[in-house]
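As structure tokens, the structure follows; a few thoughts come after it.
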Amino acid sequence: MSEQNAVLDDKAKKAVFEGNKLAKRLRHHVGDAINDFNMIEQGDRVMVCLSGGKDSYTMLDILLGLQKSAPIDFSIVAVNLDQKQPGFPEDVLPGYLASIGVEYRIIEEDTYSIVKKLVPEGKTTCSLCSRLRRGILYRVADELGATKIALGHHRDDILHTLFLNMFYGGKLKSMPPKLVSDDGKHMVIRPLAYCREKDIIRYADLRQFPIIPCNLCGSQPNLQRQVVKEMVNDWDKRFPGRVESMFRALQNVVPSHLCDTNLFDFAGLQTGDSPFENGDTAFDKEEFRDPPLPVEDGEEAAQTPARRTISILDSRKPGEGSACGA
């Protein structure tokens, strides 16, 4: 019996250790994204859009943790848009948000009826639903005085969007980690831009977030995004490291080796006597290697470019607690 207890104790310790590693990895990925793209600045009021799914719960949880140790002060307000989907558990999010002591606002707008009325049966609802949500969230951001709007899209979402635009839109375009809204008045950020979905799934399970499924769009079998997701997941299983390599490609663009005349002046290109940066390599032997396997925590940090000196991950000095609370 004592041996069985020892085995169980070892498993419990290992689970705690792995959970701490996972939390640290996600925290660093979020911190690096915030630093790299200057997502959050001194005095910002960040409106965290909370859907009730694993991604937005994880984003809020990690941002609240970073808020306590960041060398800058910023406030957080969680916002949920209740779209009046049938069976939506209205008490779950208010109860959770009240329990963790974060400022929050629940917005009730019946976009569900509008979408179901305007979109023919069998057609995907994402486009219209997204536009309606976006307009409401921009309005709410103004009402709350939010300077940043945080969305829970992660690294996999960014890659999926890249392929969707390539396959169906004829564009080399993805989800940027930071962008300005169409009207120029709002700044949208995606703090999970460097986070893997598989890590977020594990983290949400460990933290036991009260997940609310989306019955409006998530269950649609004919989504092009679902097809692309399955394709990328298959690559990830069969060719470890390929997804990481593809994401690095988004950070390593060479306009002179594409075909967009708006990005590079091909018409004005001239020869010269001095070496030309990113010049033709057609006569050189191109070498392609298998992408490195994904690495964890400290190992990964050693392979990434140097970050800015001041980091949102920096610990405050004793006695310098955040004025924002959380």
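The values are calculated or read from the model by the stated rules, or taken from the named source; none is laboratory data. None of the values given here were measured: they were computed from a predicted structure. Neighbour counts are summed over all protein chains in view; Cβ atoms, including those assigned to glycine, are modelled from backbone coordinates with ideal geometry. Heads up: the accessible areas ignore ligands, DNA and RNA and are worked out on the full protein's heavy atoms, side chains in. Shrake-Rupley method; radii C 1.70, N 1.55, O 1.52, S 1.80 Å.
Placing a label point 7 Å from the Cα of residue 113 along the Cα-to-Cβ direction, the residues of the range 67-89 whose backbone N falls under 19 Å of that point are 81-89.
For the range 9-219, a simple Cβ point-charge model (Lys and Arg +1, Asp and Glu -1, everything else neutral) yields a dipole of about 600 debye relative to the Cα centre. If you take the square roots of the eigenvalues of the alpha-carbon gyration tensor of the range 9-219 and sort them as a ≥ b ≥ c, do you get rounded (a/c under 1.5), prolate (a/b over b/c) or oblate? Rounded shape, in that the Cα axes give a/c under 1.5. For the range 9-219, the share of DSSP beta bridges that are antiparallel, to the nearest 5, is 15%.
Which residue, 56, 145, 159, has the largest displacement toward the positive end of the dipole of the range 9-219 when charges sit on each Cβ (Lys, Arg +1; Asp, Glu -1)? Positive-end residue among those listed: 159.
Fully extending the segment from residue 92 to residue 182, taken as 0.36 nm per residue of separation minus the present Cα-Cα distance, adds 29.2 nm. With all protein chains in place and a 1.4 Å probe, the accessible surface of the range 9-219 carries 52 percent carbon and sulfur.
Inter-label distance, residue 2 to residue 235: 5.5 nm, where each label sits 7 Å from its Cα along the C-beta direction. Note on residue 41 and residue 258: the extension gain reaches 74.7 nm, defined as 0.36 nm multiplied by sequence separation minus the Cα-Cα distance. Say the dipole of the range 9-219 comes from +1 at the beta carbon of Lys and Arg and -1 at that of Asp and Glu; which of 15, 87, 66 then lies farthest toward its positive end? Positive-most Cα among the choices belongs to 15. A DSSP coil position with no more than 13 other Cβ atoms inside 10 Å describes none of the chymotrypsin sites (Phe, Trp or Tyr not before Pro) in the range 73-115. Using the average count of surrounding beta-carbon atoms within 10 Å as a protection proxy, the listed peptides 157-167, 56-66 rank, highest first, as 56-66, 157-167.
Remind me, relative contact order of the range 9-219 in percent, using alpha carbon pairs under 8 angstrom and six or more residues apart?
Details: 294 pairs, mean separation 59.9, N = 211.
So the answer I get is 28 percent.
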